[in-house]
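The structure under discussion appears below in the form of structure tokens.
The values are calculated or read from the model by the stated rules, or taken from the named source; none is laboratory data. Predicted, not measured: the structure shown is a model, and the values here were computed from it. Here the Cβ positions follow ideal geometry from the backbone for every residue, glycine too, while neighbour counts run over all protein chains shown. With ligands, DNA and RNA removed, areas are computed over all heavy atoms of the protein, side chains included. Shrake-Rupley method; radii C 1.70, N 1.55, O 1.52, S 1.80 Å.
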Amino acid sequence: MFDIPNCINAIQAAYPELQITSAVPDTTGQFNFVLLVNGQYIFRFPRYEEGITVLEREAAVLDAVCYHLPLPVPNFAYRSLDSRTPGQVFVGYRRLPGVLLRGETLQAVSQSEKTVHRLAVQLAGFMDALHHVRPSSVTVDLPLGGTPESWQQMYDEIRTLLFPHMRPDARHWTTDHFEAYFQDTALHPYKPCLIHGDFGPGNVLYEPGSHAITGVIDFGFAGLGDPAQDIAAASCFGEPFIENMTSSYPHLHTLLPRARFIKGTFALQEALHGAKSGDREAFESGMEQYR
């Protein structure tokens with residue numbers, strides 16, 4: 001289903017005027033099959049049927065927020081969203097410049113306090129602007145995430161699908177982590193807003209020459225939810241980044257306790273996705289620290 005000829009055929013069927021001279025696969029996408037077309041366009045094909053609804057929501061969110069943000073985001077100039085068949089549904093956008101701000105790049109950046117401060121201010125400004133876009137400007141219904149009820153549902157699924165594969169001490173840690181959240185009702189209330197949903201190093205682009213962030217990609221988890229979700233993902237940049245963000249994101253410190261809880265669920269969420277979708281690689285990656 002997801003090979004270069006089939007994907008090219010799907011693109012050409014929807015956009016026969018687009019002359020495709022090259023197509024290079026990027027198989028690193030967990031939820032999407034990704035092609036770099038003509039060296040300048042990114043085309044994403046949802047791997048799973050449920051991913052089609054996610055992509056529709058992502059397109060609607062990007063349409064609503066793109067003109068309100070201080071950093072570039074994908075502009076879906078190409079889109080085929082009518083089919084419900086994986087392999088036929090896709091979006092395409094011009095590739096944004098820069099390299100992902102992770103791994104060795106993030107490690108190198110972290111050595112300079114001046115660069116960390118500059119990038120943290122950019123990240124905080126982006127989050128603050130996104131979190132203040134009116135949710136009503138999105139043209140599709142957005143389910144509310146990050147509620148105690150949704151965390152309870154996830155916890156129930158973790159106990160059913162993941163606990164049988166965990167070490168006893170890992171099960172105890174997971175139980176304590178979730179039960180502490182449920183018992184601390186002061187953590188539960190929040191003001192829903194539009195969030196990126198996966199605002200970590202793997203989705204932020206950086207230009208080493210200018211020492212600046214050049215864009216934010218992959219809004220697949222974007223929607224209506226808890227701003228602490230984005231803070232939790234941003235904390236993966238490291239504590240110095242979070243400390244430097246406080247000047248440009250008002251009241252960030254009030255979100256940190258809930259953000260720490262959310263961050264502690266990231267690997268479990270990956271494993272849970274793998275268990276539910278049959279993605280063995282995601283399951284093994286998420287479960288690695290719990291085996």
Computed helical MRE - 222 nm, the chain, DSSP H runs ≥ 4 contributing -39500 (n - 2.57), nearest 500:
-14000 deg cm²/dmol
With springs only between Cα atoms under 10 Å apart, run a GNM on the chain and tell me which of Ala14, Ala64, Ala234 wobbles the most.
Ala14
Column: log10 I(q)/I(0), Debye, Cα scatterers of region 90-246, q = 0.14, 0.16, 0.18, 0.20 Å⁻¹
-0.86, -1.04, -1.17, -1.25
Highest first, please rank the peptides 154-163, 241-250, 217-226 by the mean number of other Cβ atoms sitting within 10 Å of their residues.
217-226, 241-250, 154-163
Beyond 16 Å, what share of the Cα-Cα pairs of region 1-111 is found? Please give it as a whole percent.
62 percent
For labels at Ala186 and Ala129 in the simple 7 Å Cα→Cβ model, what's the distance in nm?
3.5 nm
Of every hundred units of 1.4 Å-probe accessible area on the chain, the number belonging to carbon and sulfur atoms, as a percent, is 52 percent
Potential extension, Asn9-Glu243 segment - 0.36 nm per residue separation minus Cα distance
79.4 nm
Mind checking the per residue accessible area of the chain for me, 1.4 Å probe, whole number of Å²?
48 Å²
Largest first and in whole Å, what are the equivalent-ellipsoid semi-axes of the chain based on the Cα gyration tensor, each being the root of 5 times an eigenvalue?
30, 25, 19
With the crude spin-label approximation of a point 7 Å out along Cα→Cβ, what separation in nm comes out for Ala212 versus Ser277?
3.4 nm
Residue-by-residue Karplus 3J(HN,Hα) for region 15-25, coefficients 6.51, -1.76, 1.60, Hz, glycine and proline x
9, x, 6, 7, 8, 9, 9, 7, 8, 10, x
Sort 166-177, 35-46 for me by packing, meaning the mean count of neighbouring Cβ atoms within 10 Å per residue, highest on top.
35-46, 166-177
